[in-house]
Amino acid sequence: MIISIVGSGYVGLVTGTCLADCGHTVYCIDINKQKIDNLNKGIIPIYEPGLDTLIEKNIGLNKLYFTTDYDVISKSDVTFIAVGTPPGEDGSADLQYVLAVAEQFGKQIVKKSVICTKSTVPVGTADKVRNTILNVLKERNENIEFEVVSNPEFLKEGTAIEDFMNPDRIVIGCDNSYSQDIMKLVYEKYTDKIIFTSIKSAEMIKYASNSMLATRIAFMNELSNLCDKVGANIEDVAKGMGTDTRIGPKFLNAGCGYGGSCFPKDVKALIQTGKENNVDLSILHHVDMSNTWQKHILLDKFQDHFKLYYKEDLKVAVWGLSFKPNTDDTREATSLVMLQWLKDNVSHINVYDPIVKELPIKSDNISICNDKYEALDGVDCLFIVTEWDEFKNPNFNMIKEYMNGDTIIDGRNIYSLKELENKGFNYISIGRPSIYK
Ligand code: NAD
């Protein structure tokens with residue numbers, strides 16, 4: 001098949017490349033000329049394990065192309081919308097980019113084809129996409145048939161290729177057999193994984209899934225704060241809960257808050273859809289609020305631990321900027337909240353991340369370091385904000401040598417409590433009170 005993907009960000013680039021690898025001819029379109037020029041020179045704009053090799057392979061096979069020209073839509077059987085849907089002021093999804101693509105589709109098509117939304121969009125968006133295209137066709141005085149399909153994306157940054165190649169499920173919302181047959185051809189290799197639903201249900205499934213995962217995280221985070229107070233250990237609690245097959249072990253890790261481009265915005269957008277329909281999704285209000293507080297939890301622990309010190313005299317290190325490991329994405333990351341506070345309250349902050357090399361927040365007293373130990377030079381406290389593998393087995397003797405103090409505040413519980421305490425660190429983590437208390 002010939003497929004156009006409009007929007008070559010995390011979702012568009014991974015989807016386009018993987019569909020090319022399935023044997024389709026794929027045109028990845030983006031409005032950002034610099035991005036397309038770079039892609040054509042082999043410079044990949046995002047960090048995603050395995051993506052560079054797969055892009056190179058499929059360019060070599062003449063299966064994958066990058067362009068800023070929308071006219072490739074005219075020869076495509078399916079056009080995917082993979083542009084951003086950032087939150088508007090009230091938290092609802094801003095659909096301007098999605099509808100701009102619908103307009104381009106209306107301008108370009110010359111034969112019956114399918115437009116499929118991969119971006120995360122609220123229930124009812126497919127109707128807006130359809131109406132936008134109909135209006136353009138009316139202006140063109142053309143009566144070309146087209147179908148609208150919803151195919152929400154579930155990939156996880158950091159394991160996106162693997163997620164595409166081994167999907168749990170592929171949700172496709174469509175309302176006729178023509179679109180069903182076309183989408184079966186698109187996902188020919190994975191037809192056993194397809195769940196066909198109505199368009200509205202498909203749009204809802206994406207928000208429901210992300211909101212459920214965010215709720216589990218927020219619940220465990222709040223429990224961990226209680227564990228800290230009452231002396232229980234959140235890891236033991238999670239293990240005891242997760243072995244109940246009705247609950248399951250996944251997404252029970254407490255931490256210093258979820259971030260990224262999806263959970264925070266999708267929870268807010270679903271709350272807004274509820275409001276527009278007079279349904280109060282009160283659980284999600286609290287999930288959103290709880291996560292906002294949790295992003296401050298390491299700072300609260302820091303203030304509590306150093307309560308007898310002048311914070312302005314302290315120097316700290318932050319390990320991890322990205323919102324999770326194996327990605328360079330810092331959107332809504334806990335590190336942003338922390339740096340914002342630290343820059344106004346401590347003397348200096350050294351930051352190290354294995355992949356993110358540009359500071360998301362600039363200030364004279366924040367330095368980015370090239371080495372994780374170098375970042376510890378003379379610091380009183382180390383914060384661990386992202387659980388990169390590189391942080392999991394460090395040389396603790398070197399940590400002690402470089403640091404001025406011996407306090408590690410770990411937002412991801414990556415070390416053994418017992419081991420760190422026995423090594424003489426003041427080790428403060430999430431929901432795991434000291435073994436010596
Ligand atoms: P992104 O910001 O990384 O990429 C969007 C791209 O679209 C950018 O390159 C931008 O230049 C381009 N663009 C914007 N308007 C355009 C237009 N009119 N024509 C052509 N290109 C245009 O976004 P993303 O993270 O890939 O997310 C895209 C959508 O997928 C969002 O709705 C998001 O919620 C959803 N999603 C994201 C993830 C994720 O992990 N990132 C996972 C599942 C779903």
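The values are calculated or read from the model by the stated rules, or taken from the named source; none is laboratory data. None of the values given here were measured: they were computed from a predicted structure. When we count neighbours, we look across all protein chains shown, and the Cβ atoms used for this are built from the backbone with ideal geometry, even at glycine.
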Unmet criterion (only one of (1) near the ligand (Cβ under 9 Å from one of its atoms); (2) part of a helix (DSSP H, G or I); (3) under 18 Å from GLU162 (Cα atoms); (4) of a type in the set (A, V, I, L, M)) for ILE46 = (2)
Only one of SER363, SER335 that is polar (S, T, N, Q) and surrounded by 20 or more Cβ atoms within 10 Å (Cβ to Cβ) | SER335
Scan region 65-79 for residues that are under 20 Å from LYS33 (Cα atoms) and assigned to a loop (DSSP other than H, G, I, E, B) and report the count.
-> 2
Only listed residue being touching a His at 6+ places or on another chain (Cβ under 9 Å), at pLDDT 95 or above and not hydrophobic (A, V, I, L, M, F, W, C), chosen from LYS63, LYS35, LYS75 = LYS63
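Here is a yes/no grid of residues against (1) more than 10 Å from the ligand (Cβ to nearest atom); (2) assigned to a loop (DSSP other than H, G, I, E, B):
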| residue | (1), (2) |
| --- | --- |
| ILE55 | yes, no |
| ASN58 | yes, no |
| GLU89 | yes, yes |
| ALA100 | no, no |
Of the conditions (1) more than 16 Å from the ligand (Cβ to nearest atom); (2) in contact with a helix residue (DSSP H, G or I) (Cβ under 8 Å, 6 or more places away or on another chain), GLU276 fails just one. Which one is it?
-> (2)
Within region 300-329, residues being in a loop (DSSP other than H, G, I, E, B) and crowded, with 21+ Cβ neighbours inside 10 Å number 7
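Answer yes if at least one residue in region 9-17 is under 23 Å from GLY260 (Cβ atoms) and more than 10 Å from the ligand (Cβ to nearest atom), and no otherwise. Before you say what the answer is, go through the steps one by one.
First, pick out the residues of region 9-17 that are under 23 Å from GLY260 (Cβ atoms): 9-17.
Next, only the ones that are more than 10 Å from the ligand (Cβ to nearest atom) stay: 16-17.
Within region 9-17 (the criterion being under 23 Å from GLY260 (Cβ atoms) and more than 10 Å from the ligand (Cβ to nearest atom)), the answer is yes, since at least one residue qualifies.
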Conditions: (1) buried (at least 16 other Cβ atoms within 10 Å of the Cβ); (2) over 25 Å from the mean Cα position of the chain (by Cα); (3) among the aliphatic types (A, V, I, L, M). MET398 meets all but one. Number of the miss?
-> (1)
Residues of region 232-261 classified as in contact (Cβ under 8 Å) with a residue 40 or more places away in the chain and under 26 Å from the mean Cα position of the chain (by Cα), total | 11
Tally time: how many residues in region 133-159 are touching a Phe, Trp or Tyr at 6+ places or on another chain (Cβ under 7 Å) and under 21 Å from ALA208 (Cα atoms)?
-> 2
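Which residue, of VAL123, VAL114, is part of a loop (DSSP other than H, G, I, E, B), buried (at least 17 other Cβ atoms within 10 Å of the Cβ) and away from the ligand (no atom under 12 Å from the Cβ)?
VAL123
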Does at least one position in region 338-354 carry a residue that is at pLDDT 95 or above, under 23 Å from MET220 (Cβ atoms), under 26 Å from the mean Cα position of the chain (by Cα) and surrounded by 15 or more Cβ atoms within 10 Å (Cβ to Cβ)?
-> yes
